[in-house]
């Protein structure tokens, strides 16, 4: 890995990014007879070799259930599993590893809070605040909770450029507000929300704050103590890790006060037919056999990001986004969607009033993978009066040359429409 670190330090020229790309086997293939350009990183990132090898090694060498066995394989697997928890603790600067809970993804992490925190602390007439730009996974669980509890869901509006109306947010807050759940960085637009300010405002009314970090943890330094968020949710597969693994960070006092999310093995201390007592955190929320192999491999993904350095990764991705905006600006009919001042590396757009799916299919014919549609943000698309967008999202292994290919293909697509 040291050669990758040196590569990044040398800046982001062709040679250095190509050095990084050597760690990603999937990128070295052709799609529809053209070299693959993978611009669907906001949906999921590709996996470096060390993550893939960690999965293989677990099943070939270490496979055993964790926490319960007295034999060597069980002890070894438990150590590796808990090492990842400690890595995550440092990755987000959590006060302790016990405040890091493994789930199957951001969606389950949010649902865990909605179910457990909601069951304990939300009452009839209470208010929950979300925003217009939320992913469906940060809308639907709160709708379900509000329907069950008789609580009220309030929505922060968004400006045309994709930024939240913070003045409106301030007006929505009241003594009835019990929880605010906001995306840190929009998956559809790339907007980075001013969450530190929003958390402070929520706390001033006694409300708790859940931060959806699915898109931010891969691009930004996220320090839960500095932000003072009450909950943070994110997924491994957005950070060069495997699918099927997510994280819920919660402040200790909240996690200890919340009831279990699921019942089963590991989350108990003692079980009898008259009474069951529950385990301590984090195990209280980790019922059953977890996704052991993928959690262990996630540790390798965190190591990959740590060694490259988030600051250098973001600098490279920011240059990619700036270059993409410049290259596409002159294409006839190209309209960027989401022009906030602060963004992660997401370029969302429409072109010549064409259906996003059609544009995506034509790009795929050129070997370019993008995402099309509403990006699980239908209310946001309705607000922007759009059926959907085309979304190109960039990662550390993407290059300026790949953006040139995107711009060339879009130029041909636009001419074909004209």
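Derivation of every value follows stated rules applied to the coordinates shown; laboratory data play no part. Just so we're clear, the structure is a prediction, and the values are computed from it rather than from any experiment. Cβ: placed from backbone, ideal geometry, glycine included. Neighbour counts: every protein chain shown.
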(message) Can you tell me which of 74, 114, 407 moves the most in a GNM of the chain? Springs connect C-alpha atoms under 10 Å apart.
(response) 74
(message) Counting only helical runs of four or more DSSP H residues, what would the 222 nm mean residue ellipticity of the chain come to if each run contributes -39,500 (n - 2.57) and the total is spread over all its residues?
(response) -12500 deg cm²/dmol
(message) Please report the antiparallel percentage of the DSSP beta bridges confined to region 118-275, to the nearest 5.
(response) 30
(message) If N is the number of residues in region 244-322, what value comes out of its Cα radius of gyration divided by 2.2 N^0.38 Å?
(response) 1.60
(message) Which of rounded, prolate or oblate describes region 267-392 when judged by the alpha-carbon gyration tensor and an a/c cut-off of 1.5?
(response) prolate
(message) Students often check this: by mean Cβ neighbours within 10 Å, which of 158-165, 146-153, 98-105 ranks highest, and how do the rest follow?
(response) 98-105, 158-165, 146-153
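By counting other Cβ atoms within 10 Å of each Cβ, how are 86, 272 ranked from fewest to most? Show your work: numbers first, answer last.
On the way: 86 14, 272 7.
Ordered from fewest to most neighbouring Cβ atoms within 10 Å, 86, 272 come out as 272, 86.
In terms of the ratio Rg/(2.2 N^0.38 Å) built on C-alpha atoms, what value belongs to the chain? Working shown, then result.
Details: Rg = 22.1 Å, N = 418, 2.2 N^0.38 = 21.8 Å.
It is 1.01.
So how do 59-69, 192-202 stack up, highest first, on mean other-Cβ count within 10 Å?
Values: 59-69: 14.3, 192-202: 19.4.
Output ranking for 59-69, 192-202: 192-202, 59-69.
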